[in-house]
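Student: Mind looking over this structure? Questions follow.
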Amino acid sequence: MDRFSTHDVDNQVDPLPDYSLFATDDALREGVQREGAAAHVPALEAHGAWLGLASTRDAGRLANRHPPELLAFDTVGRRVDQIDCHPAWTTLLTGIWKQGLHAGPWAMAGEGSEGASGPGSHVARIAGYLMQGQVEAGTLCPTTMTFAASAVLDNEPAGAIDFARDWLPAMRSTDFDPSDQPITQKRSALIGMGLTEKQGGSDLRDTRTRAAPLHPSGTHGRGQAYRLVGHKWFYSVPQSDAHLVLAQAESGLCCFFVPRWRPDGTRNAVHIQRLKDKLGNRSNPSAEVEFCDAWGVMVGEPGRGLQLLLTMATLTRLDCVAGSAALLRQAVVQAVHHCAGRRAFGARLLDQPLMRHVLADLALESEAATALALRLAGAFDRPDDLLERAIRRIVTPAAKYWVTKRTVAAIGECLETWGGNGYVEAGPMPRLFREAPVNAIWEGSGNVMCLDVQRAIAREPESFAVLVAELRNGVGIHAAYDRALDECLVLCAEPSPYQARRAASLLALLLQSAILMRHAPLPVSQAFIAARLGGSSWLAGDGGVPETLVDAILARAWPPSVAVAPAPMTTEDPA
């Protein structure tokens with residue numbers, strides 16, 4: 001007997017080959033066309049091909065394996081508060097910036113357009129974002145913050161800072177610059193946010209950081225310089241060139257733009273205390289900081305800092321939906337790829353009836369999440385339409401609640417299809433699973449989202465009426481859809497905090513169902529409504545998907561041409 005025979009390897013599945021994240025995703029490609037972004041397809045094809053390279057995907061692994069480190073002081077004791085990131089992080093951010101995912105719609109806006117986007121630009125950005133998140137979700141945080149900040153600062157008049165001259169061109173540049181130096185010496189700018197504090201968390205009204213005007217005469221208000229004293233419990237991407245920060249001032253809770261370097265070229269007094277040791281999102285640094293008379297400029301109207309930042313929240317919440325859809329899509333791809341190449345009990349896992357049922361159910365979840373994310377993005381490309389306003393304001397928080405929650409459970413199921421291999425760090429599944437909860441927490445937890453849906457309906461009854469009319473267009477096709485709509489309308493007409501989650505989930509499911517009924521192949525829409533609105537427990541593979549529809553769903557989810565056979569036997573030592 002060959003003493004090395006135990007090193008032979010068969011019935012294991014090789015990692016995914018190079019593939020295009022765009023060309024292999026029917027739901028994504030169709031959604032881009034449907035929502036008016038056909039002109040952006042060539043750029044999305046190129047980005048999807050780059051992201052699908054094994055070398056690009058490996059950069060995501062390396063950025064997580066080697067998380068950022070804090071260098072608080074230089075070699076002679078000067079405070080520098082620098083963040084040392086692995087080169088893989090820079091590689092990935094360079095790709096995002098080149099694609100314009102941090103600024104695309106705003107960069108396209110013409111002079112005097114007040115930030116209005118070009119045709120299909122929000123949809124194209126979300127499509128790119130959804131592909132980027134499959135490779136490394138940690139890179140999405142600085143992308144979404146810079147994107148949302150750009151929309152807010154677009155309206156700021158010149159004061160202690162001239163944003164139009166000194167910051168917006170850098171924020172919209174596609175030439176990523178990771179250097180730590182004043183903005184006048186940089187090719188591009190990265191913007192973060194500093195909102196939550198130890199005692200407050202989601203309750204931002206309990207902010208205790210203080211801001212006092214710096215002008216000797218006490219001149220204060222929008223555009224004026226202030227000094228800030230306080231702390232932030234979560235300071236996202238602390239190496240950013242500036243942060244938007246909440247602080248209490250003479251007029252109440254205000255928003256301040258706090259650059260990393262003061263205009264005089266000295267470091268700002270934002271002292272990083274430590275980096276957070278997080279469950280997931282490990283490539284992306286988050287910090288605790290103290291403001292020790294930090295220099296900042298008030299942006300927005302005095303006393304309305306929270307309202308200003310909430311205008312950003314609709315954009316960032318959309319990104320949370322797309323970020324979760326990204327994780328879910330990659331988990332489904334990995335699950336189907338593995339099951340296509342792994343044999344058990346005499347057949348491929350992909351050919352086992354119950355496994356096919358589970359995978360089909362997961363594929364439905366992924367397609368519905370992608371379709372909803374792109375539909376929301378389309379609403380941002382059509383700002384003047386009343387229905388689109390309803391979708392932006394009312395459906396966005398509902399979608400953020402539902403998709404981010406569902407992703408956690410669905411990725412757990414995808415991990416299970418790999419068996420023990422899915423539970424070890426050598427493969428991709430643990431990282432996807434650790435990333436899954438973050439979007440449910442960022443930009444407002446589930447309860448905050450569901451209560452926001454109720455508030456939006458109460459504040460905008462005309463918009464809600466138009467949304468209801470849109471949903472009623474699907475009545476009469478599926479009895480389960482009709483019953484769900486009736487229940488949802490009752491819950492929305494008689495809002496109760498105890499039923500807020502149920503109402504929000506039904507609203508998201510109904511719009512997903514309506515989109516699929518109108519645009520997806522018949523097996524997809526029929527199976528989704530049967531599985532999600534037909535009274536099943538919504539656990540993958542619990543019987544909700546009709547058996548006769550499984551084959552068509554799986555063929556659409558992942559092209560058989562990409563699914564590889566089991567790895568051949570070899571005598572090579574894997575070590």
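Student: Within the stretch 46-85, can you find the residues that are outside any helix (DSSP H, G or I) and without any contact (Cβ under 8 Å) to a residue 40 or more places away in the chain?
Tutor: Correct list: Gly52, Leu53, His66, Leu71, Phe73, Asp74, Thr75, Val76, Gly77, Arg78, Asp84.
Student: Something else about it: Out of Leu509, Leu516, Leu539, Leu485, I need the residue that is part of a loop (DSSP other than H, G, I, E, B) and within 29 Å of the chain's Cα centre (by Cα). Which one?
Tutor: Testing whether each residue is part of a loop (DSSP other than H, G, I, E, B) and within 29 Å of the chain's Cα centre (by Cα) leaves just Leu539.
Student: Same structure, new question: So, of the residues in the stretch 181-202 that are crowded, with 23+ Cβ neighbours inside 10 Å and closer than 12 Å to Gln239 by Cβ, which turns out to be farthest from the chain's Cα centre (by Cα)?
Tutor: Step by step, filter the stretch 181-202, then rank; the result is Ala189.
Student: Right, Asp361: acidic (Asp, Glu), under 14 Å from the mean Cα position of the chain (by Cα) and assigned to a helix (DSSP H, G or I) or not?
Tutor: Judged against the criteria, Asp361 is not a match.
Student: Taking Gly201 and the conditions (1) at pLDDT below 95; (2) in a strand (DSSP E or B), which numbered condition does it fall short on, given that it satisfies the others?
Tutor: (2) is the only condition that Gly201 fails.
Student: In addition: Of the residues Gly48, Gly36, which single one is buried (at least 18 other Cβ atoms within 10 Å of the Cβ), at pLDDT 95 or above, under 19 Å from the mean Cα position of the chain (by Cα) and not hydrophobic (A, V, I, L, M, F, W, C)?
Tutor: The match here is Gly48.
Student: Would you be able to tell me the number of residues in the stretch 58-81 that are closer than 20 Å to Gln134 by Cα and surrounded by 21 or more Cβ atoms within 10 Å (Cβ to Cβ)?
Tutor: Count: 4.
Student: Would you point out which residue out of Leu253, Leu214, Leu244, Leu275 is more than 30 Å from Arg455 (Cα to Cα), touching a Leu at 6+ places or on another chain (Cβ under 9 Å) and hydrophobic (A, V, I, L, M, F, W, C)?
Tutor: None of the others qualify; the one that does is Leu275.
Student: Still on this structure, I have one more. For the stretch 337-354, which residues satisfy the criterion of being assigned to a helix (DSSP H, G or I) and under 18 Å from Gly427 (Cβ atoms)?
Tutor: His337, His338, Cys339, Ala340, Gly341, Leu349, Leu350
Student: Take the conditions surrounded by fewer than 23 Cβ atoms within 10 Å (Cβ to Cβ) and part of a strand (DSSP E or B) and apply them to His243. Does it pass?
Tutor: Judged against the criteria, His243 is not a match.
Student: Is there a residue in the stretch 91-111 that is acidic (Asp, Glu), outside any helix (DSSP H, G or I), at pLDDT 95 or above and assigned by TED's automatic domain parsing to the domain that holds Gly48?
Tutor: Checked the stretch 91-111: no residue is acidic (Asp, Glu), outside any helix (DSSP H, G or I), at pLDDT 95 or above and assigned by TED's automatic domain parsing to the domain that holds Gly48.
Student: Would you please name the residue that is surrounded by the most Cβ atoms within 10 Å (Cβ to Cβ), looking only at residues in the stretch 291-312 that are over 15 Å from Val80 (Cβ atoms), touching a residue at least 60 places away in the same chain (Cβ under 8 Å) and not aliphatic (A, V, I, L, M)?
Tutor: Gly296
Student: If you don't mind, another one. Restricting to the stretch 381-398, and then to whatever is modelled with pLDDT of 95 or more, touching a Lys or Arg at 6+ places or on another chain (Cβ under 8 Å) and not β-branched (Val, Ile, Thr), can you tell me which residue is nearest to His122 (Cα to Cα)?
Tutor: Glu388
Student: May I pose another question? Out of the residues in the stretch 447-482 meeting the condition of being small (Gly, Ala, Ser) and in a loop (DSSP other than H, G, I, E, B), tell me which one is surrounded by the fewest Cβ atoms within 10 Å (Cβ to Cβ).
Tutor: Gly476
Matching residues to (1) in the same structural domain as Arg392 (by TED's automatic domain parsing); (2) charged (D, E, K, R); (3) over 26 Å from Ala27 (Cβ atoms):
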residue	(1), (2), (3)
Arg472	yes, yes, no
Ile477	yes, no, no
Leu491	yes, no, yes
Pro495	yes, no, yes
Tyr498	yes, no, yes
Ala504	yes, no, no
Leu510	yes, no, no
Ile515	yes, no, no
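Student: Give the residue that is surrounded by the most Cβ atoms within 10 Å (Cβ to Cβ), with candidates limited to residues of the stretch 213-227 that are polar (S, T, N, Q) and within 16 Å of Gly252 (Cα to Cα).
Tutor: Gln224
Student: Of all residues being touching a Cys at 6+ places or on another chain (Cβ under 8 Å) and not in a strand (DSSP E or B) in the stretch 253-282, which is surrounded by the most Cβ atoms within 10 Å (Cβ to Cβ)? Just the residue, please.
Tutor: So the residue we want is Asn281.
The values are calculated or read from the model by the stated rules, or taken from the named source; none is laboratory data. Predicted, not measured: the structure shown is a model, and the values here were computed from it. Quick reminder, even Gly has a Cβ in these numbers, built from the backbone with ideal geometry, and neighbours come from all protein chains shown.
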